[in-house]
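Asker: I am attaching a structure below and will ask some questions about it afterwards.
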Amino acid sequence: METELLYLRDARLRTFEATVVAVDDGRVALDRTAFYPTGGGQPHDTGTLDGPRGLLTVTDVRKEGATVWHAVEGGPMPEVGAPVTGEIEWARRHALMRTHTALHVLCGVIWNEWGVAVTGGNMEPLAARMDFEFDPLPEGFKEQVEELVNVELAADRPVEVGFLPRSVAVEDEDLIRTKVNLIPDSVAEIRVVDIVGLDKQADGGTHVARTGEVGRIRVTKTESKGKGNKRIRLEVVDA
Ligand SMILES: [Zn+2]
């Protein structure tokens, strides 16, 4: 069962209509969903599914193969074939969108200023950590990176989402830098998130429309996680 991933083309979709295609031990699979499943460093959405048997609360969302499963609580399970209306808990999702875009701005700034690549990261709503190949961190780094990122956020750059054939994406210099070659050959079309003029990455996450929508960041801590691996912790705050 393949679930159509509505958030890939419309990150601002909050409510949607879908059909139940499978039910299994407290989880519901739909033919289409706007719920983001945990992946790519971005945690899952929460929200509700409303159907003929009542309202269910979505507490977890996972993608298994091509199917998105919604873990639910609060009522009798729907029947296969039932229509449901899904609604995303928008405060949480929008906070995650702001945070995810902030991390791409951070990657772009660090690459442009220091030529250093990201090695990993994780986020929760309005807080995140990201690891980079610094060895060691430059003098005054914490204050400098915070200032550079906040300048780019305030510049209100557009964030564009597009789709490229794999053969085109693997020739793109910016995408090569962000390791587009690691995407399996089986993927025919690659989704690209472009913070215009700053950072371009193959990415499956949800983002705000412009960098100004993020607000500001505050770097709360930097730590060494070993040779060539330095961790940056940040918070996202209102501008
Ligand atoms: Zn991302």
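Asker: Once you mark the GluC sites (Glu not before Pro) that are in a DSSP loop and have at most 12 other Cβ atoms within 10 Å, what is the longest gap between them in the chain?
Answerer: Segment 3-78 is the longest.
Asker: At a 1.4 Å probe, what is the % contribution of carbon and sulfur to the accessible area of the range 85-186?
Answerer: C and S atoms contribute 49 percent here.
Asker: Would you calculate the separation in nanometres between label points at D31 and E173, each defined as 7 Å from the Cα along the Cα-to-beta-carbon direction?
Answerer: Here the modelled spin labels are 4.6 nm apart.
Asker: Another one. Count the net charge of all other residues whose Cβ sits under 15 Å from the Cβ of G74, scoring Lys and Arg as +1 and Asp and Glu as -1.
Answerer: Local charge sum for G74: -3.
Asker: Where q = 0.15, 0.21, 0.25, 0.26 Å⁻¹, what log10 of I(q)/I(0) comes from the Debye formula for the range 164-239, counting one point per Cα?
Answerer: At q = 0.15, 0.21, 0.25, 0.26 Å⁻¹ the computed log10 ratios are -0.74, -1.01, -1.08, -1.11.
Asker: Also, I was wondering about something else. Filter the trypsin sites (Lys or Arg not before Pro) in the range 180-225 down to the DSSP loop ones having no more than 13 other Cβ atoms within 10 Å, then list what survives.
Answerer: Answer by residue number: K225.
Asker: Note down the magnitude of the dipole of the range 37-167 about its Cα centre, charges +1 on Lys and Arg C-beta and -1 on Asp and Glu C-beta and zero elsewhere, to the nearest 20 debye.
Answerer: On the way: 10 positive and 20 negative charges, 97 e Å.
Computed about the Cα centre, the dipole is about 460 debye.
Asker: With Cβ to Cβ distances under 11 Å as the rule, what net charge do the other residues near E89 carry (K, R +1; D, E -1)?
Answerer: +1
Asker: If you count only protein heavy atoms with a 1.4 Å probe, what accessible area per residue comes out for the range 80-239, rounded to a whole Å²?
Answerer: That works out to 47 Å² for each residue.
Asker: Let me have the 222 nm mean residue ellipticity of the chain computed from DSSP H runs of 4+ only, each contributing -39500 (n - 2.57), with the sum over all residues rounded to the nearest 500.
Answerer: So the helix-based figure for the chain works out to -6000 deg cm²/dmol.
Asker: Could I ask something else about it? If you build the Cα gyration tensor of the range 1-122 and take the root of 5 times each eigenvalue, what three semi-axes come out, in whole angstrom, biggest first?
Answerer: 32, 13, 12
Asker: If you don't mind, there's one more thing I want to ask. Return P(r) of the chain (all Cα-Cα pairs; 10 Å bins starting at 0; whole %; ordered from short to long distances).
Answerer: Going out from 0 Å in 10 Å bins, the chain shows 8, 30, 31, 21, 9, 1, 0 percent.
Asker: Same structure again: Can you tell me which of G75, G51, G86 moves the most in a GNM of the chain? Springs connect C-alpha atoms under 10 Å apart.
Answerer: It is G75.
Asker: May I pose another question? Alpha carbon centre of the range 28-72 versus the range 196-238: separation in Å?
Answerer: Answer, in whole Å: 26.
The values are calculated or read from the model by the stated rules, or taken from the named source; none is laboratory data. These numbers were taken from a predicted model, which means no experiment stands behind them. Positions of Cβ are backbone-derived with ideal geometry, glycine not excepted, and every protein chain shown enters the neighbour counts. When the accessible area is computed, the model is the full protein with side chains, heavy atoms only, and any ligands, DNA or RNA have been set aside. Shrake-Rupley method; radii C 1.70, N 1.55, O 1.52, S 1.80 Å.
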